[in-house]
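What follows is a single structure, written as structure tokens, with notes after it.
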Amino acid sequence: MYKSEPDYVTGRRGRLDLYPWIEHPAFCRCEICPTNRRKEAARCGKTLEEVWAAPLRLRLRRDSPYPTNRKLSAAAALNLKAEEEKRLAEAVAKAEVEERARQNAVSFGIVVDAYRAHRRKEGKDWSRAESRIANIEAFISRERDSAAGDIVWYRRLLDEVELLKPETRRHYASTLIAMLNRKNQRVTLRVENLRVSGGRFVLGTLGLPVEQRVIQSA
């Protein structure tokens, strides 16, 4: 489409721009969809929910990289259409993955509560460890997504208690590991401070007495 029409009297050549139809997917996340879908719902008499659940074709305008060449501009318009529709589809797919992750997220607070309940159920003396559990809970935060639990948490916790006695530091480390093992976490990292044996966390070094056994959910 011409951005400025040619003038056949003066011989001035027009300038072409790109104006392809873009199919926006259902539940598109782009910034122009909310306004245009409200207009579409009013135009066709459908509910807004119905309009959001269906694709919607909208024009996209861009300056042509070949403003005086109709053939190359047509090819550029097709490329623009393909790239934009791919970008919109990928954005919807990414948003769906993030939404599922949010829905399935388990907060660290839930993990801590489950660990406390496990100790009570097993009849273990959890009262002596409660202050340690509460300190770990406060340090990491109940709101944190437990799926993010990894070697970083482990190292930061040990940094936090580095001035305590080695045995106390070991208890803090083993308590955090037991909490994460209760959630059946898996780690693929291999580091000098934390390794995995049989799918479970095992204490390594980092100034702590080396544990040669798998830490049980004690």
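Only the coordinates and a few stated rules stand behind these numbers; no lab work does. Treat the numbers as computed from the prediction; the structure is a model and nothing was measured. Cβ placement follows ideal geometry from the backbone for every residue including glycine, while neighbour counts extend to all protein chains displayed.
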query: Leu56's amide H: which non-local residues (gap 5+, or another chain) put their own amide H closer than 5 Å, with H modeled 1.01 Å from N in plane and none for Pro or chain starts?
result: His24
message: With θ taken as phi - 60° and the coefficients 6.51, -1.76 and 1.60, list the Karplus ³J(HN,Hα) couplings across the stretch 87-100 in order, rounded to whole Hz; mark glycine and proline as x.
response: 4, 5, 5, 5, 5, 5, 4, 5, 5, 5, 4, 5, 5, 4
task: Would you calculate the separation in nanometres between label points at Ala101 and Ala75, each defined as 7 Å from the Cα along the Cα-to-beta-carbon direction?
output: 3.9 nm
field: Computed label-point distance, nm, for sites Phe27 and Asp63 using a 7 Å Cα→Cβ extension
entry: 3.8 nm
field: Sequence-distant residues sharing a close amide H with Arg15 (under 5 Å, placed H)
entry: Lys3, Ser4
